[in-house]
Ligand code: PLP
């Protein structure tokens, strides 16, 4: 089939705008008539420098990122940041508490666990909590500040369920759980909105925005210490991770380790080193950065920026959820997330009721050109990921199919 005949609902890597890919294909062969492809140019040359600086400026404008935050393009994926967040922020905490090692009190780190990815981030913090110097641990066991595991990730914590520690080195949450299809609503008046007002003063807040990045404005950037996202959903191909970091957290981790009790951070994961070198300390993933730069330009010029995307993405999600709610009332499907305001705009998860029906649904979907609708292997069911590049037309066709399958 052609691209036009296929509706790609992949959770990531996921579809990108066709016009962007066409331009990228040209750039891959002959970038701006240099006679060389973008992947064949030095990352320190003027052409690539213009690409990465343009991407940074466009991202800053698109998200209204304040001046006191640095944007970094790095590698290692979202998973890399599970480790890097912990190590860099423990160093920042150590430098802010420069007492002799014998007097150093290891801080706690607080995790809000609302699905598979925040669980993985928490597990990595647990893994790294085995102290490198048993007599001088860098931090105590990570804490769970709120968890909805007992609901099987079908709702978010209510305000009363959060229990943040005022001495935590940081608080961590995942804004959109890609596998479970649950997302913090942006409006503070919604019961399950992230409780920024409960974050103790001075405690650093970290958010994993991997699967909702640039799908709508990010409220309260300035309430966060760090926001990060792997590119491979809304931004570009896999291989690049974007970080938005408040400048005071770009710390020299070698200096921190000299105070004792914290390890130095491996060099490609130290945010300060990346920042001091404009994300070019070592060879960056030039092609993913190039495509991301093209996507950002496309979103600004063709899609009406984040306000435009917010409108379209809201309409797409509302249409699909309404169709699924109707189908659920007929007993044919079941939406996974039970709390309406917490349903993800990007990853719509549901199950098909009845023996053998899921297989039948997927087979019929394939025939109509709907691809990659199978839920994540760890949870099963169906997942329609409807990122920025998925059109309202594709959603309309999927809704028609759901209605037909369930008997209109
Ligand atoms: N966080 C979230 C919310 C994700 O969706 C993913 C991957 O899909 C990750 C983290 C891990 O990212 P990566 O595979 O780039 O390490």
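The values are calculated or read from the model by the stated rules, or taken from the named source; none is laboratory data. Quick caveat: nothing in here was measured; it's all calculated off a predicted structure. Cβ coordinates were reconstructed from backbone atoms using ideal geometry, including for glycine residues, and neighbour counts include every protein chain displayed.
The set of residues in the range 73-118 being surrounded by fewer than 20 Cβ atoms within 10 Å (Cβ to Cβ) and within 16 Å of the ligand (Cβ to nearest atom) consists of 75, 76, 77, 79, 80, 83, 116. For the range 240-266, taking the residues that are in contact with a strand residue (DSSP E or B) (Cβ under 9 Å, 6 or more places away or on another chain) and assigned to a loop (DSSP other than H, G, I, E, B), the one that is farthest from the ligand (Cβ to nearest atom) is identified as 250.
Based on this model, can you work out whether residue 335 counts as in the same structural domain as residue 357 (by TED's automatic domain parsing), surrounded by fewer than 22 Cβ atoms within 10 Å (Cβ to Cβ) and at pLDDT 95 or above? The answer is yes for residue 335. The residues in the range 281-309 that are assigned to a loop (DSSP other than H, G, I, E, B) and surrounded by 15 or more Cβ atoms within 10 Å (Cβ to Cβ) can be counted, and the count is 4.
Considered as a group, the residues in the range 212-235 that are part of a loop (DSSP other than H, G, I, E, B) and more than 16 Å from the ligand (Cβ to nearest atom) include one that is nearest to residue 107 (Cα to Cα), and that residue is 225. For the range 167-190, the count of residues that are away from the ligand (no atom under 16 Å from the Cβ) and in a helix (DSSP H, G or I) is zero.
Determine, yes or no, whether residue 55 is in a helix (DSSP H, G or I) and surrounded by fewer than 16 Cβ atoms within 10 Å (Cβ to Cβ). Criteria not met by residue 55.
Any residue that is crowded, with 18+ Cβ neighbours inside 10 Å, away from the ligand (no atom under 16 Å from the Cβ) and under 26 Å from the mean Cα position of the chain (by Cα) - is there at least one of those in the range 23-40? Yes, some residue in the range 23-40 is crowded, with 18+ Cβ neighbours inside 10 Å, away from the ligand (no atom under 16 Å from the Cβ) and under 26 Å from the mean Cα position of the chain (by Cα). Restricting attention to the range 219-239, the residues that are within 17 Å of residue 345 (Cα to Cα) and either surrounded by fewer than 23 Cβ atoms within 10 Å (Cβ to Cβ) or out of contact with any strand residue (DSSP E or B) (no Cβ under 8 Å at 6 or more places or on another chain) (or both) total 3. Would you mind stating whether residue 145 is crowded, with 16+ Cβ neighbours inside 10 Å, more than 29 Å from residue 377 (Cα to Cα) and touching a residue at least 12 places away in the same chain (Cβ under 8 Å)? Judged against the criteria, residue 145 is not a match.
Taken over the range 378-402, the criterion of being part of a loop (DSSP other than H, G, I, E, B), more than 17 Å from the chain's Cα centre (by Cα) and either at pLDDT below 95 or within 13 Å of residue 7 (Cβ to Cβ) (or both) is satisfied by 378, 379, 380, 390, 391. The requirement of being more than 30 Å from residue 390 (Cβ to Cβ), touching a strand residue (DSSP E or B) at 6+ places or on another chain (Cβ under 8 Å) and either part of a loop (DSSP other than H, G, I, E, B) or away from the ligand (no atom under 16 Å from the Cβ) (or both) is fulfilled somewhere in the range 65-72, by at least one residue. For the range 195-211, the tally of residues that are within 16 Å of the ligand (Cβ to nearest atom) and at positive phi stands at 0. Every listed requirement among (1) modelled with pLDDT of 95 or more; (2) more than 16 Å from the ligand (Cβ to nearest atom); (3) closer than 21 Å to residue 65 by Cβ is met by residue 303 save one, (1).
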